[in-house]
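Q: Dropping the structure in here first, questions after.
The values are calculated or read from the model by the stated rules, or taken from the named source; none is laboratory data. Quick caveat: nothing in here was measured; it's all calculated off a predicted structure. All Cβ positions, glycine included, derive from the backbone under ideal geometry; neighbour counts span all protein chains shown.
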Amino acid sequence: MIIVKLWHYIRGYVIINIKGRHLERLINLIHHNNILIWDIFRISSEEISAKIEIGDYKKVSELSDQLSCTIEIIRKSGMTLWKWRVKTRKIFVITSFLVLLGICFISSLVLTVDVMGDITVDKNEIIEDIASRGLKPWKLKGTVDIEEIKTSFLNDYKNFEYIDIEFNGTKAIIDLVEAKKIEKIYDKSLPVDLIAKKDAIIKDILIINGTANVEVDQEVKKGDLLVKGEIVTSKQNDEGEEIFFNQIHAKAKVMGLVDYTEKYDIRKYKMIDEDRYKINRVIHIGDLVINFLDSDENYYYHSSEEANLHIFDFKLPVKINKIKYYEKENCVNKSKEELEDEVQEKVKKKYREIGQVQDIQIVSIQEENNINKYEVKVHVLEEISEEQLLD
C-alpha cells in the first residue's frame, strides 16, 4: 500500500469533484479507457470525489463533457507538481539556492571568538594574541591550524597549562586553565628544610623545630636555605663527647620584606556633579568604526562598556562600546595628595591578603592626556618560607 501511494506521489495526482446524473457511466467509461482512478468517495447522489493522475486529467475532462458532467479540481499534489512549480518560479529557486549557498559559506566562517575559564589575564588580550596567530572573525575554519596555535600559545605563555579550541557553529571557544603553583606540604613525619620562596630581607624568625640558617636583616634569594631540618645532640661516652645530627621536620615562621613594582593609571580629575554626563556609542564592524560623537575636545573620557550585538542567541561580529564622558567644565583637577592617596589605596587593596604593606614609594609619574601613570615600588612584610624534602 505504501509503495502504491509513493508511486502516485512520484507521478503526481489531483483530487477532483465530479457532479452530474451519470456518475456510474462516467466511472465505467474512465476504466474502459484504461485511466487509473482511485479513492472514490460518494458525497451525494450526484457528486463524488476521487483521485486521478495529473496526466489523465484532460482525458477525464473530455469524457465528462460527453456525459454532461462537471469536474472541479480540489487539490494538486505530488512530485510532478513540485517540478512544475520549480520551472514556473525560477527566480524563487535561484534566490533560495543562493541563500542556502550563503548560509553554508557563513557557517564555514569564524564570526566570534570567546574565551572561557576563570583566568587572571585580560580576556581581550588573549583574543588579540590568538588573532595574531590566525584565529579571528571572518576567518575560514578550514584554514585555521588549531594544533599549531595551541602549541605556540603554550610555549609563549608559561603561566597556562592547558588550552583547547573548538568551534560551536560560527563561534570559536577558547578554554584556558592557568598553571597554579601548588605549595608542597609534606607529612610531619618526613624530614624537611625551610627555604625562601621569594627574594627578601629577613625581618623576623620564630623557630619551632630546626636550626636557623639566616639572621635578621640578612638578604636572601629565592631557594636559599632558611631553617635546617636537623638538630644537633651530644652524648658522653668512654671515648669522649659524641655528636649526633638528627633530621627532623623543620617548622618556623620566617617574615621577610619583599619588593614589588606596580603600575597604576589614575585620572587627574574628579566630577563636581556625577549625574551630569554624556553617553556615546561607538560601533565596531570588523575594522570599520562608526563614532556618533562629533568631537571630544570638551569632554573627559571616563569609562566604557563593551557588548556584542545578538540576534536571539546568535552573536554577531558587531561590537558596541558604550562610553561615558564628562564635560570638562563639570570637572576639577585632583590635588597631588588626592592622587597619591588613591594610588596607596589601590596598593593596600591588592596586597592586604599577602602581607602587611610597610612602605609605598612612587618611582615615576608620566602624564598622558587626563591620566597620570604611576610606577610604584611596594615593600610588603610576609611569610617567605616553604618546605623542601630532605634527601
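Q: How many of the residues in segment 362-381 are surrounded by 11 or more Cβ atoms within 10 Å (Cβ to Cβ) and either under 29 Å from N333 (Cβ atoms) or charged (D, E, K, R) (or both)?
A: Final tally of qualifying residues: 13.
Q: With respect to the numbered conditions (1) more than 29 Å from V318 (Cα to Cα); (2) in contact with a Lys or Arg (Cβ under 6 Å, 6 or more places away or on another chain), which one is the sole condition not fulfilled by I163?
A: Only one criterion in (1) more than 29 Å from V318 (Cα to Cα); (2) in contact with a Lys or Arg (Cβ under 6 Å, 6 or more places away or on another chain) is unmet by I163, namely (1).
Q: Considering only segment 110-128, state which residues are free of Cβ contacts under 8 Å to residues at least 60 places away in the same chain and either buried (at least 16 other Cβ atoms within 10 Å of the Cβ) or in contact with a helix residue (DSSP H, G or I) (Cβ under 6 Å, 6 or more places away or on another chain) (or both).
A: Residues satisfying the conditions are I126, I127.
Q: Is at least one residue of segment 273-281 assigned to a strand (DSSP E or B), surrounded by fewer than 16 Cβ atoms within 10 Å (Cβ to Cβ) and among the β-branched types (V, I, T)?
A: Yes, segment 273-281 contains a residue that is assigned to a strand (DSSP E or B), surrounded by fewer than 16 Cβ atoms within 10 Å (Cβ to Cβ) and among the β-branched types (V, I, T).
Q: Also, I was wondering about something else. Can you find, within segment 12-41, the residue that is farthest from M79 (Cα to Cα) among those that are free of Cβ contacts under 8 Å to residues at least 12 places away in the same chain and not in a loop (DSSP other than H, G, I, E, B)?
A: Checking each candidate, the answer is E24.
Q: So which pairs qualify, if the first residue must be in segment 133-160 and in contact (Cβ under 8 Å) with a residue 40 or more places away in the chain, the second must be assigned to a loop (DSSP other than H, G, I, E, B), the Cβ gap must be under 6 Å, and the two must be at least 6 apart or on different chains?
A: Cβ pairs passing all conditions: P137/L111.
Q: Could you pull out the residue among E166, E215 that is of a type in the set (D, E, K, R), within 41 Å of the chain's Cα centre (by Cα) and either in a strand (DSSP E or B) or modelled with pLDDT of 90 or more (or both)?
A: Answer to the selection: E166.
Q: Can I ask one more? Pick from segment 179-198 the residues that are exposed (fewer than 10 other Cβ atoms within 10 Å of the Cβ) and farther than 26 Å from K158 by Cβ: which of them is modelled with the lowest pLDDT?
A: D187
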